[in-house]
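Engineer: Provided herewith is a single structure, encoded as structure tokens, for subsequent inquiry.
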Amino acid sequence: MSELRDGFGSKFGALAALAGSAIGLGNIWKFPYEAGNNGGGAFLLIYIAFIVFLGIPVMMSEFALGRATQQNVFGTFKILAPKTKWYLFSILAIAASIAIMAFYGTVSGWTMEYVWLSLKDSFAGKNEQELALLFHEFIADPYRTIAWQMGFLFISGLIVVAGIKNGIERSTKIMMPVLFIIIILLGIRACTLPGSGEGLKFLFYPKFSDVTANSILSAMGQAFFSLSLGSGVLLTYGSYVSKRNNLTQMSMQVIAADTAIAILAGVAILPAVFAFNIDPASGPGLVFMTLPRIFQSLPFGQLWAISFFILLTFAALTSAISLIEVIVAYLVEERKMSRAYATVLTVGCIAILGILATLSFGELKHVTIFGLTFFDLFDFLSGKIILPIGGILICYFTGWYWDQRILKNELSNNGTIRLRFFKLYIFILRYLAPLLIFIIFLGSLGII
Ligand code: TRP
């Protein structure tokens, strides 16, 4: 079976796909405003600490699980823990992917509308109020928002149907380098604006007086979401990684790329925010309402706007396909569906729930469950409930349940790579990571 199974064809391709999953709206749309809300430099430092102590070990574990079995989420636990209920992890993984995709598709649809608006040069001559109005009117328009969302899901589906090598790897190999180039150019441009020093200082100079318990929790949640941890996405992608590649090194490379993009996004956005006197704590609308204002006042502003929103669309797309692939891999391998049928079914379910999320800003604004709109509900359920539980289970499984010789073999490619920090890694998996994740969990539920 494994010779017939599709997989990544090259190390660069595997890295592009893995980094593509990690780098997404979480880095470019969310990180700058989270940093803006939580004291800039201090948030960055805490975030990096979580990335190192939590991100690296959990990512290595997901990769090792997937690559050891070369199976989807369900198959992995069936093989490694037969006659137990561990295979139920796949339900969690599917629920996480659907819930994330339901609201991710909404924001990705907005992003595509903004590519279109930039192409039409619709931001020209508009002031802050007019841009805010444009955004609010657009997100309340059921037809345009749903049309873009469906367009986004359709493109994601097409890539997934084409398979791992010909779809996911081939598309991410083009999109990821483009994304790096655009964000570096935007970062350089932002730093040369008059008054930008203020923004850089905000991002890099830690003001610990602004750190609250809440910002620590946000940093941890952000690390989890940004690295795509806890949902089986990296386990599934890990199953397509060649047995020759070094999983520890790949985890470090993916994490370095993800963190670099988050910081670059901060460098591209925050100095401009300060140069134009915009409040860095403007929240989720920051990108959509303020950046067009900034681009408009730059020479070749329209070109910057087009590149930025294309960049954001690419980032969203390479993450979305990883979320869809988790479910498709399960349906194809365990339920014996054709890839095309599995993708249509998956994207169809996502589309139905996704429409509810999109309408949360218009027609369904007042429909709430536990006081949350559909959009907020999907965000809350995935990020604050399912992913932390998934993370703890991954730590428990690899730290306590799984035979450590097999784990060590997988990470060391049968003893050919020296593992210097194996003991520390196991210690983190067993004690530190579950404890930290449990604390975020309680914190985000408002229990502590
Ligand atoms: N990491 C992506 C981002 O930053 C989102 C994402 C993709 C994700 N796959 C995931 C988040 C799996 C959690 C779990 O936008």
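The values are calculated or read from the model by the stated rules, or taken from the named source; none is laboratory data. The shown structure was predicted, so the numbers you read here are calculated from the model rather than taken from an experiment. As a convention, Cβ positions derive from the backbone with ideal geometry for all residues, glycine included, and neighbour counts pool all protein chains shown. Each accessible area value is taken on the protein alone, full model and side chains, heavy atoms only, with ligands, DNA and RNA left out. Shrake-Rupley method; radii C 1.70, N 1.55, O 1.52, S 1.80 Å.
Engineer: When you go through Ile79, Ile98 one by one, which is the residue that is among the β-branched types (Val, Ile, Thr), away from the ligand (no atom under 11 Å from the Cβ), open to solvent by 30 Å² or more (accessible area, probe 1.4 Å) and within 14 Å of the chain's Cα centre (by Cα)?
Structural biologist: Answer to the check: Ile98.
Engineer: Further, regarding this structure: Among Val211, Val233, Val241, Val254, which is the only one that is crowded, with 17+ Cβ neighbours inside 10 Å, more than 15 Å from the ligand (Cβ to nearest atom) and under 23 Å from Tyr47 (Cβ atoms)?
Structural biologist: Only one candidate passes the filter, namely Val211.
Engineer: Cβ contacts < 9 Å: first residue under 20 Å from Gly151 (Cβ atoms), restricted to the range 93-104; second residue more than 9 Å from the ligand (Cβ to nearest atom) and not in a helix (DSSP H, G or I), any location; separation 6+ or different chain. Result?
Structural biologist: Pairs found: Phe103/Ser360.
Engineer: Next question, about the same structure. Check whether at least one residue in the range 305-325 is away from the ligand (no atom under 16 Å from the Cβ) and without any contact (Cβ under 8 Å) to a residue 40 or more places away in the chain, and report yes or no.
Structural biologist: No - not one qualifying residue is present in the range 305-325.
Engineer: So, in the range 311-350, how many residues would count as being surrounded by fewer than 24 Cβ atoms within 10 Å (Cβ to Cβ), over 17 Å from Phe154 (Cα atoms) and touching a Leu at 6+ places or on another chain (Cβ under 9 Å)?
Structural biologist: So the answer is 2.
Engineer: Here are the criteria: (1) within 27 Å of Thr172 (Cα to Cα); (2) surrounded by 23 or more Cβ atoms within 10 Å (Cβ to Cβ). Tell me which single one Ser10 does not satisfy.
Structural biologist: (2)
Engineer: Here's a follow-up. Any idea which of Ser251, Ser231, Ser215 is part of a helix (DSSP H, G or I) and modelled with pLDDT under 95?
Structural biologist: Within the list Ser251, Ser231, Ser215, the selection yields Ser215.
Engineer: Is it true that some residue in the range 355-367 is of a type outside the set (D, E, K, R), within 16 Å of the ligand (Cβ to nearest atom), open to solvent by less than 20 Å² (accessible area, probe 1.4 Å) and in contact with a Gly (Cβ under 9 Å, 6 or more places away or on another chain)? Lay out the reasoning, then the answer.
Structural biologist: Applying the first criterion (of a type outside the set (D, E, K, R)) to the range 355-367 yields 355-362, 364, 366-367.
Of the ones still in play, those that are also within 16 Å of the ligand (Cβ to nearest atom) are 357.
With open to solvent by less than 20 Å² (accessible area, probe 1.4 Å) added as a condition, the list becomes 357.
From what is left, the residues that are in contact with a Gly (Cβ under 9 Å, 6 or more places away or on another chain) are 357.
Within the range 355-367, one or more residues are of a type outside the set (D, E, K, R), within 16 Å of the ligand (Cβ to nearest atom), open to solvent by less than 20 Å² (accessible area, probe 1.4 Å) and in contact with a Gly (Cβ under 9 Å, 6 or more places away or on another chain).
Engineer: Considering only the range 158-168, how many residues are open to solvent by 10 Å² or more (accessible area, probe 1.4 Å) and not β-branched (Val, Ile, Thr)? Please lay out each step first, then the result.
Structural biologist: Going residue by residue through the range 158-168, those that are open to solvent by 10 Å² or more (accessible area, probe 1.4 Å) are 158-159, 161-162, 165-166.
Remaining after also requiring not β-branched (Val, Ile, Thr): 158, 162, 165-166.
Qualifying residue count, the range 158-168: 4.
Engineer: Kindly state which helices (runs of 4 or more DSSP H) lie completely within the range 289-399 and contain at least 2 residues that are over 23 Å from the mean Cα position of the chain (by Cα).
Structural biologist: Filter on the range 289-399 gives 291-296, 301-334, 339-359.
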